[in-house]
Amino acid sequence: MPVFQLAPASKLTDGVETALLGETPQLVLKLEQVVIAMLVPHELAEDGLVGGCRRGSGTRRGRRAQETLAGTIHSLLMDAPSATEARSRKPRREPWPLWLHYAVLLALQSAYAWIYVRSPWLRTAILVPPTLRLAIWTLPVLAFLALERRPVLKYLKLRDHALRGLAWGAAVGTLVLAGNAAAHCVLTGSWQLDFDIGLSRWLGPVALVGLSEEVAFRGFFLQEFAERMGFGRANILQAILFLLIHLPGWTLMGQLHSRAALQLAGSVLLFALFTGWLLRRTRSLWACMIVHSCNNLASFVAPV
């Protein structure tokens with residue numbers, strides 16, 4: 001037999017109407033009374049024996065359940081904000097708008113590309129280029145999240161589902177490397193891959209560029225856009241912005257005037273769309289960073 005039985009509906013209705021007319025402390029007490037009134041202890045059996053308990057234990061058990069339920073309801077209701085606080089609470093304001101964040105990032109990236117092209121020593125430096133890229137792409141995101149008081153690792157999807165992200169990243173990254181290697185061998189007729197690309201490339205484009213770009217676009221922009229317009233349009237928008245931010249560097253290095261410009265732009269756009277989908281599929285930015293690093297590595301050891 002059930003331990004509890006429902007109280008009459010009229011009693012509950014009257015209690016709710018009375019509670020809704022009161023202030024916050026009275027509202028809490030009335031809601032407690034209304035919910036507890038729904039659960040009236042019922043005798044477990046005529047002889048009072050349930051599981052070896054003596055007569056009357058069902059009543060005491062129901063009374064203890066009432067007390068436990070009352071404490072739980074009270075704590076939940078008291079933790080909730082009052083109606084006055086809810087009305088006075090202002091909508092969340094961002095530290096700065098997203099378009100300004102992207103504009104500053106585009107300006108900094110353009111300045112970096114200009115300095116990089118006109119400074120031959122910078123191309124051979126080991127730590128300077130990756131450090132600058134990491135600062136330009138990552139520090140503004142960290143500052144934004146710090147001002148918003150958001151947990152950085154959790155928001156950027158670097159904490160939860162890490163094993164899933166690592167597994168997907170390793171699998172997809174291996175496929176990217178294998179596909180590029182096969183295409184390179186077919187097109188060039190050579191089956192030799194050169195992994196001796198220099199320490200600066202290993203630290204820069206392979207290791208840190210994938211980290212910094214994924215944090216900025218898939219970790220930050222994609223998620224911020226998705227909160228405003230849904231994932232589909234957000235993914236397209238972040239992919240377009242990801243393509244546009246590469247244009248200054250390509251222009252300064254003369255790559256936009258080559259025949260492969262459209263192919264390069266198309267591959268970058270598709271790559272950004274795919275990594276955006278990968279973030280949604282794995283719920284981990286680790287997968288995107290690993291695939292990005294493998295893709296950059298493939299462009300050096302097996303260019304197509």
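None of the figures in this text is laboratory data; all of them are computed from the coordinates on show. Note that the coordinates shown come from a computational prediction; the quantities given were computed from them, not determined experimentally. Neighbour counts run over all protein chains shown; Cβ positions are idealised from the backbone, glycine included.
Place the peptides 258-264, 141-147 in order of packing, highest mean first, counting for every residue the other Cβ atoms within 10 Å and averaging per peptide.
The peptides rank, most packed first, as 141-147, 258-264.
Distance between the C-alpha centers of the stretch 253-273 and the stretch 105-131? Whole Å please.
Answer, in whole Å: 20.
Counting other Cβ atoms within 10 Å, which trypsin sites (Lys or Arg not before Pro) in the stretch 125-161 have at most 12 and lie in a DSSP loop?
R149
How are the C-alpha pair distances of the stretch 112-187 spread across 5 Å bins, as whole percents from the shortest bin up?
Over the stretch 112-187, the share of Cα pairs per 5 Å bin runs 3, 12, 12, 11, 12, 19, 19, 9, 3, 1, 0 percent.
Hey, if you drop one equal point scatterer on each alpha-carbon of the stretch 98-301 and run the Debye formula without solvent, what base-10 log of I(q)/I(0) do you get at q = 0.10, 0.13, 0.16 Å⁻¹?
Log10 I(q)/I(0), no solvent term: -0.43, -0.75, -1.16.
Rounded to two decimal places and with Rh computed the Kirkwood way over Cα pairs, what is Rg over Rh for the stretch 155-194?
1.26
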